[in-house]
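The values are calculated or read from the model by the stated rules, or taken from the named source; none is laboratory data. For clarity, every value in this text was computed on a predicted model and none was experimentally measured. Here the Cβ positions follow ideal geometry from the backbone for every residue, glycine too, while neighbour counts run over all protein chains shown. What goes into the accessible areas is simple: the full protein's heavy atoms, side chains included, and nothing from ligands, DNA or RNA. Shrake-Rupley method; radii C 1.70, N 1.55, O 1.52, S 1.80 Å.
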Amino acid sequence: MTGADDGWLNALIGLMQSAQFALLQALAALGLVEASHGQPGWPWPVKLSGENLLIDGGQARRLAGSLAVLALVVFLLLLAMVWRRRRVAILVAVPVLLLAAPWPDAHVVWVPATPASFHRSPSGFTVRSIAQGQALYAQHCVGCHGADGRGQGALADARSMSPPNLAGPLLWRRADGDLLWHVMHGMRARDGKATMPAFGERLRDDEAWALIDFMKAQAAGETLRSTGVWAWPAALPDAAVRCEDQSARRLASWHGQRVRIVAPGVTQAPPLEDPRLVTVRIAPDAESALRDAIGCVVDASEAADAWAAFALVTGTPSPAGTTLIADRDGWLRARSQPGQAGWSDDDLLCRTDAVPSGAQPAVVADGLGALIARMDAQPVRFVKGGFVH
Ligand code: HEC
């Protein structure tokens, strides 16, 4: 996580990402790049990355300085076109400026790329996709990566290189497309020996994307279980929903509004509707979903998948009795556990500052209001290769 003065760096990294994506789209529109796994393939072995800039502020400032010099150079070249009398002087200044620019070290900004580096997942992070990924993971991956993704599978010891901890920051640091590429084409150590096997022959593209969805959901739940917070933002899984007026819609269609997911417990009364949130209930199985006829409930056809997906992201065997709140951008932000009476802003599990250790949560009259205010004030911001709360 970066310091408070990282606003410009976020913007710079976002710009680097979108400029490269736009370049790729332009090349694809001109028919200059080949498709790879259903999307335009990145044609170069390297890409510009902001990841290292987040770690090394000095290099980031040098990059920003160089970009300022580049902007000045562009301006001078335009000036030279119209200001004939000073043209020679201006053209001499350009190479001097370029040499004097504080260029960052090449290895910091250029990182290895794969043809899929800029691919975007088409899966929509749905509960279906997560369930599909879960089944595939059990079939192909659990042997090495382990049931919790921490890399302690039965086959792991036998290998020269142990699998990485998929419940750590890895999945957030890597571009989704690079993850896809590594699953489909495998990975090799420096000496050329295969480390991670290639699954391109056994999996379709949509299955690999489903695996990535599952691994992210699992990693979110694992970090919540072991650290008490979502150290990296977890998206609200999408699912089919049916409302009282019989209208069918998807959870993702409420994007822009706060969404509250309620997993009814055995004894709890359902919460009252609240104008500040859209409330959607999930149910352990199709039958319970059909029986539940007030407000909006997950569609019976996806009830079991949704229940399993929310068990995963909360790191519990069953989400019964849990309530989750997602912000307007579709990030899961807060959880209330079974038996918990009200909300306090300490339930915000995806946040900028550390959770006060041992401090008693302050009981406020409108805990939910305080929580929402805090959530809105601290949105999850995108940076390349990862997210900053
Ligand atoms: C034979 C053991 C083995 C199996 C089976 C296996 N992996 Fe791996 N996996 C590894 C090892 C070892 C690495 C570390 C490779 C490296 O860093 O060179 C790895 C790395 C990864 C990574 C990290 C990629 C990155 O970008 O650093 C992901 C994601 C992953 N595996 C997903 C999967 C999925 C999904 C499956 C099932 C379809 C799977 N693995 C099956 C051993 C395995």
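Rounded to the nearest 20, the Cβ-based charge dipole of the range 169-317 about its Cα centre (Lys and Arg +1, Asp and Glu -1) stands at 600 debye. For the range 41-149, the solvent-accessible area works out to 55 Å² per residue, with a probe of 1.4 Å and every protein chain left in place.
What number comes out for accessible area per residue over the range 208-275 if the probe is 1.4 Å? Units Å², please. Display every interim value, and only then the final one.
Values: 3010 Å² over 68 residues.
Per-residue value: 44 Å².
Taken about its Cα centre, the range 127-224 carries a charge dipole of roughly 220 debye when the Cβ of each Lys and Arg holds +1 and the Cβ of each Asp and Glu holds -1.
For the residues A60, A101, A334, a GNM of the chain with alpha-carbon springs under 10 Å puts the largest fluctuation on A101.
The C-alpha atoms of the chain define a longest principal axis, and helix 176-185 lies at about 90 degrees to it. When the solvent-accessible area of the range 11-64 is split by element, carbon and sulfur atoms take up 64 percent of it, the probe being 1.4 Å. Between S117, L171, A235, the Cα set farthest toward the positive side of the dipole of the chain (charges on each charged residue's Cβ, about the Cα centre) is that of S117.
Rounded to the nearest Hz, the phi-derived 3J(HN,Hα) couplings of the range 192-209 under the Karplus curve 6.51 cos²θ - 1.76 cosθ + 1.60 (θ = phi - 60°) are x, 6, 5, 9, 9, x, 8, 10, x, 7, 9, 10, 7, 4, 5, 6, 5, 4, where x marks glycine and proline. Taking amide H as placed 1.01 Å from N in the peptide plane, the amide H of V46 sits under 5 Å from that of A113, each at least 5 places away or on another chain.
Per residue, the average separation of C-alpha pairs within less than 8 Å and at least 6 apart gives the chain a relative contact order of 14 percent.
Note that the range 235-240 has calculated 3J(HN,Hα) couplings of 7, 6, x, 8, 7, 6 Hz, one per residue in order, obtained from phi through the Karplus relation 6.51 cos²θ - 1.76 cosθ + 1.60 (θ = phi - 60°); glycine and proline are x. Of the residues D285, D346, the one with the largest accessible area comes first in the ranking D285, D346, computed with a 1.4 Å probe on protein heavy atoms. Close amide H pairs (under 5 Å, H built 1.01 Å from N) link G41 with E34, A35, S36, residues at least 5 positions away or on another chain. Per-residue Karplus couplings for the range 58-66, computed as 6.51 cos²θ - 1.76 cosθ + 1.60 with θ equal to phi - 60°, are listed in order as x, 5, 5, 5, 5, 4, 4, x, 5 Hz, Gly and Pro entered as x. Calculated mean residue ellipticity at 222 nm for the chain: -12500 deg cm²/dmol, from DSSP H runs with n ≥ 4 weighted as -39500 (n - 2.57), summed, divided by the residue count and rounded to 500.
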